[in-house]
Every structure is written in structure tokens, then in C-alpha cells.
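The values are calculated or read from the model by the stated rules, or taken from the named source; none is laboratory data. Predicted model only: the values in this text are computed from it and were never measured. Please note: Cβ atoms are built from the backbone with ideal geometry, for glycine as well, and neighbour counts cover all protein chains shown. Ligands, DNA and RNA are excluded from the accessible area calculation, which covers all protein heavy atoms including side chains. Shrake-Rupley method; radii C 1.70, N 1.55, O 1.52, S 1.80 Å.
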Amino acid sequence: MATSADKVASVFQLLEAGSKQGYIGENISQLEHALQAAQLATQEGADNETVLAALLHDIGQFCSAKELRRMLVEDIGSDDIDVGAVGHEKLGAEYLRRVGFSEKVCELVESHVVAKRYLTATEPQYYEALSKASKLSLKFQGGPFAPDEALAFERDVLFKQKVQLRKWDDAAKIVDLVTPGLDAYKDLAIQHLAAH
């Protein structure tokens, strides 16, 4: 059975793969983006679970449906399973659940696209400030919320954290920004997994 340290090493290995991949439509790598989001969360005094969610919010970009399927097959002992076509936020959240992260971390990861849909529906200036790539992806993510969807989202107990994570996600696109590396979050992630 894998230890918490082994699990974190595996998750961080996926993030490190992001150092070789550009962040879609931006001039930074996926890893730089993740580290900037985590740094913003830390600087604003977010709790540990929210910092981890900021770091891992795009993990679904690296965790393939094939890898998730393998994990699910191991869990249920059968290969008669379909993970379907899902967005990176859902794939990442499910992957993190299987690894053992808390439901709060997984919900925050899963919600960063939904929060974008909320913000574009409720703050006109938010949409205008989005990068070209983010505006384009919004079309594929369902577009801005309808008024009833926005009201339902506002009732979520993690509403404020979900919106804040999205804002960190949007801000974490600064070229050549120096941030702490992955090692700065290693002990935090190991302790988190050991506690859950």
C-alpha cells in the first residue's frame, strides 16, 4: 500500500510534467501557473486545504482518463467501467479523491470552471478582463450561468472559497514570476493525506 509520501510524489510528478507544457494560450508553463496560484492563496492567508486546491486545480490536465480508469478498476476489481467524457476539473477532482485528498480540496478543484461561469454572469467587467484563451474556453464550458444557476451557486457553503480560487487562477499568469517550488508544498500535502 502506498504511503502518503508515495502518493504525493506521484501527484507532484504529474505537476512536474506541467513544466514541459505551456498553459493554454498563455506565456507560462502549467507548473508555473499552479505554483503562482498556490502562492497567491498562501499570501492571502488561505487555509491549508485551499492552498492545496490552488496548487492542484489543473491536475486534471495531466491525469489522463486512462489513469483514472485504471484507479477505478483497481478499486472495484472489474474493468466494466466507463469514466465518460469529462472536463479537466472533474477528472482532476476524481483523481484527487482516489488519491485520498479531502472532499473540500476536491470540491474546490472541481469548481474552478463553474466559478468562472458564475463570475462571467454576475460581473460584466470579469468577462472583459479574461484572457483570449479563457474567453474561448468559456464557450466550451457552458458559458455564463443563467440567473437561477448563479443563485444556486451563491448558496454553496464553499461559495466564497470557490470564487476566490477562480480569481487566483485568473491572476496566476505572470511571466517570469519567482515562486516557491513544489517542495514548498510537499510536507503540507503529505500531512494532509496522512490526516485523511
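For a quick check of your reading of the filter: which trypsin sites (Lys or Arg not before Pro) in region 153-196 sit in a DSSP loop and have no more than 16 other Cβ atoms within 10 Å? Please report the intermediate quantities before stating the final value.
Working: sites: ARG155, LYS160, LYS162, ARG166, LYS167, LYS173, LYS186; in loops: ARG155, LYS173.
Within region 153-196, the qualifying trypsin sites (Lys or Arg not before Pro) (loop, at most 16 other Cβ atoms within 10 Å) are ARG155.
Ignoring ligands, DNA and RNA, how do HIS112, HIS196 rank by accessible area with a 1.4 Å probe, largest first?
On the way: HIS112 5, HIS196 120 Å².
So, going from the largest accessible area down, we get HIS196, HIS112.
Once amide H atoms are placed 1.01 Å from N in the peptide plane, what residues at a sequence separation of 5 or more from SER29, or on another chain, have their amide H within under 5 Å of its amide H?
Correct list: TYR23.
Treating cross-link reach as a plain straight distance, find the lysines whose alpha-carbon is under 26 Å from the alpha-carbon of LYS104, omitting any fewer than eight places away in the same chain.
LYS7, LYS66, LYS90, LYS116, LYS160, LYS162, LYS167, LYS173, LYS186
Going by amide H atoms built from the backbone, whose H comes under 5 Å of the H on GLY142, apart from near neighbours?
none
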